[in-house]
Amino acid sequence: MPAITLNPGFICILAALVTLAAPRVARAPIMAVSAVVALWLMLDRDFGAAAAAAQMGLPVVFLDLDALNRIFGIAMLIALIVIAMASSARRSRAEDAAILLMAGGAVSALFVGDLVSFVGAAALSALASAWLVFASPLPRSAQSGVRLLIWQGLEGLLFLVGVAFHLSAGAASSIFAQLDASSIGGGFIFAALLIRAGAPLAHVWLKDAVAHASPVGAAALSAFSTMLGVYALARLFPAEPVLIFIGAGMIVIGLAYAMAEDDLRRAAASGLTAQTGVCVALIGLGSPLALAAAEGHAFTAIFAFTALQLALGAILGRRGSVNASDMEGVSRLMPLTATLLLTAGLAVSGAPLFAAYTTISIALEALAQWELQWVWLLVASVPAGLFAALCLRPSLAAFNGIPQRAPLQEAPFPMLLGAAIAVFFCFSIGVAPRWLYGLLPTALEFAPFAIDRMAPHLALLGATGVAYIAMRAFKLAPSEAAVRLRDVDALYRGPLAGAGRWLGVVMLRVYGAAQALLHAQAASAGRLAMRWIRACDQPYRGTGVLQLAALLAVTALALVWRYF
Amino acid sequence: MIKPPPPRKRGIAPMLLLLCVVALVAGVGFEFISGASARFSVVAQPGGRAVLGVGVATALVVLARGMRWLLAVPKDGGGDASDHA
């Protein structure tokens, strides 16, 4: 029997088309089954490239499986199963199809073996993510979708220009392998991937999209968007030193906004930016251990942030908002959701016994080997910062309750189930990380629960918690208030947009004034011409002498022109 | 008739504080007991990670205060974030 060499992502794309025509009860099962079939296709195949076709002289490799893309594929497809479970809580055909298309595009991009196919699959995933935001029932989601489309369009444009420059070096160079960021083509592709990963200045698109997506859509955006950028950076630009600085910037920006934002879904998106920054910095380091840590950390971050976004989305679905300033009493009304929020916060912040702890330990070990003290300090700060921002802060707000009894308003069961399964994955991998270590491209013998690794981590989280709770008790920490924070997007959503509108109004007025002036001049010239023509028609009048002289002069001029 | 006092709000803060204190004591205690070998960084010394934790929490609180002061706009106001597509 011939081996099936279908790219696993194509299954999800086909399922997206089926979902568009499927009844509501069948859509969530279709999503889950497509993810399971794609997983089976991926795990059933040995490593290596499938037969490549040629198109316009370029190799087109639809499937090239190896350890690097397999680990990302497993994470994304399991996340899709979790999201499918949560999806059955609401009815939105467009959203279900968009999630499948986004996941399918991202998974296809993981497994293709040439640049052109990668760009096509990544662009499909990006378009689907914009569709996902458009399909959200939240207010202002359409505007957010347009902004996301602009970012994704810019990314796609950079990709295409980069690939075009890169292909000019020869058809064989379209194979998806390490590139040089200092070449023109490589530089454009590098810039496109930085947008995708949410590097500083381009980090705003993720939290803008997440804040306007539906409860389940935000989880899908967390799982399938930035991590594709991490994968491509690991594949195309490993050991690129500038990535260390970019990752450090992402960590600082992510932690700061995660702590300061009132909208907890925005805060969670900023936390994802910080964790993505850890992966990007490790890719910049480029040693085998650092690359393994980056891939493992991306794997665990996908589950942890899916769980957190689903828990936050469950609160959003019931209460209409998920602001830290508006969370009082959530633990009374939604006890299970609040508990899931607390455990998802622990998972995100890499508490011991959760998956992120097992990978952040490898990351710190990899950085310690290179004695990069400042990067080590930043990466070691990430669990502490996220523990305060995404575990303690939401929990303190949610469990600050009203004492009297109130009727339960628990989230729909599928949402709770999805979040619980994602937390369970985080916990099970955290307790038994050898399964994850076995998936990494680098053979790894690592003992995360050694006392000299676990004790400092416990001390770090404990000290952070004590300091933060003490600062809140003494009113040193900022009180929760309904505010929104400006970011880089204030340039194009605020002053820059205002300046553009103002300039447009001024230009329109100048244009209108110029048109009016031209019109007046033309009318005046027309009146003069008409007066002159009328005078020429009446040569017998006294004033006609002048016109007669002019007529004779014009006739003389015409005769001179004709004969000389 | 005596008006009953407003009901006390129960929070999770004391329990979380207790858990954090336990984690801190256990972590620092095990660090000293295990006598971790000297590492390349100051914060990699026994007890150093706890100092780092306090530093991170303080830095983030200061940053959050600064950002709220500099960058905050009311949620319902127009401000910068009135959506322009």
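The values are calculated or read from the model by the stated rules, or taken from the named source; none is laboratory data. Computed from a predicted structure; not experimentally measured. Quick reminder, even Gly has a Cβ in these numbers, built from the backbone with ideal geometry, and neighbours come from all protein chains shown.
Pairing residues of the stretch A:462-487 that are within 7 Å of another protein chain (Cβ to nearest Cβ) with residues that are surrounded by 23 or more Cβ atoms within 10 Å (Cβ to Cβ) and aromatic (Phe, Trp, Tyr), at Cβ distances under 9 Å and at least 6 apart in sequence or on separate chains, gives A:464/A:387; A:465/A:387; A:468/A:387; A:477/A:468; A:485/A:257.
Quick check on the stretch A:307-330: of everything there that is in a helix (DSSP H, G or I) and within 12 Å of another protein chain (Cβ to nearest Cβ), which residue is nearest to residue A:222 (Cα to Cα)?
First, the residues of the stretch A:307-330 that are in a helix (DSSP H, G or I): A:307-319, A:324-326, A:330.
Imposing the further condition that a residue be within 12 Å of another protein chain (Cβ to nearest Cβ) reduces the set to A:324-326, A:330.
Working: A:324: 20, A:325: 23, A:326: 23, A:330: 24 Å.
Checked the stretch A:307-330; the qualifying residue nearest to residue A:222 (Cα to Cα) is A:324.
Of all residue pairs spaced 6 or more apart or on separate chains, those with beta-carbon atoms under 7 Å, a first member in the stretch A:222-248 that is under 12 Å from residue A:195 (Cα atoms) and a second member that is among the hydroxyl-bearing types (Ser, Thr, Tyr) are A:225/A:129; A:226/A:276; A:228/A:125; A:230/A:276. In the stretch A:164-180, the residues that are among the charged types (D, E, K, R) reach residues that are at pLDDT 85 or above and in a helix (DSSP H, G or I) with C-beta atoms within less than 6 angstrom, at least six apart or across chains, in these pairs: A:180/A:186. Scanning the stretch A:425-461 for residues that are within 30 Å of the chain's Cα centre (by Cα), modelled with pLDDT of 85 or more, more than 9 Å from chain B (Cβ to nearest Cβ) and farther than 21 Å from residue A:77 by Cα yields a single hit, A:431. Of the numbered criteria (1) over 26 Å from residue A:112 (Cα atoms); (2) in contact with a strand residue (DSSP E or B) (Cβ under 7 Å, 6 or more places away or on another chain); (3) surrounded by fewer than 24 Cβ atoms within 10 Å (Cβ to Cβ), the one residue A:261 fails is (3). Going by what's in this entry, would residue A:176 be described as of a type outside the set (A, V, I, L, M) and within 25 Å of residue A:65 (Cα to Cα)? For residue A:176, the condition - of a type outside the set (A, V, I, L, M) and within 25 Å of residue A:65 (Cα to Cα) - is met.
Taking only the stretch A:116-145 into account, find how many residues are over 14 Å from the mean Cα position of the chain (by Cα) and surrounded by fewer than 24 Cβ atoms within 10 Å (Cβ to Cβ).
Residues in the stretch A:116-145 being over 14 Å from the mean Cα position of the chain (by Cα) and surrounded by fewer than 24 Cβ atoms within 10 Å (Cβ to Cβ): 12 in total.
Considering only the stretch A:266-289, state which residues are among the aliphatic types (A, V, I, L, M) and surrounded by fewer than 24 Cβ atoms within 10 Å (Cβ to Cβ). Correct list: A:289 only. Contact annotation: residue pairs with Cβ atoms under 7 Å, 6 or more positions apart or on different chains, pairing a residue in the stretch A:350-363 that is surrounded by fewer than 24 Cβ atoms within 10 Å (Cβ to Cβ) with a partner that is of a type in the set (A, V, I, L, M), are A:351/A:461; A:352/A:454; A:352/A:458; A:353/A:431. Output yes when any residue across the stretch A:333-348 is under 20 Å from the mean Cα position of the chain (by Cα), away from every other protein chain (no Cβ under 11 Å), crowded, with 22+ Cβ neighbours inside 10 Å and not aromatic (Phe, Trp, Tyr), and no when none is. Checked the stretch A:333-348: at least one residue is under 20 Å from the mean Cα position of the chain (by Cα), away from every other protein chain (no Cβ under 11 Å), crowded, with 22+ Cβ neighbours inside 10 Å and not aromatic (Phe, Trp, Tyr). Pairs are defined by a Cβ separation below 6 Å, a sequence spacing of at least 6 or placement on different chains, a first member in the stretch A:254-265 that is more than 8 Å from chain B (Cβ to nearest Cβ), and a second member that is hydroxyl-bearing (Ser, Thr, Tyr); the pairs so defined are A:254/A:270; A:254/A:273; A:258/A:270.
Of everything listed in (1) surrounded by fewer than 21 Cβ atoms within 10 Å (Cβ to Cβ); (2) touching an Asp or Glu at 6+ places or on another chain (Cβ under 8 Å); (3) of a type in the set (Phe, Trp, Tyr), the single unmet condition for residue A:165 is (2).
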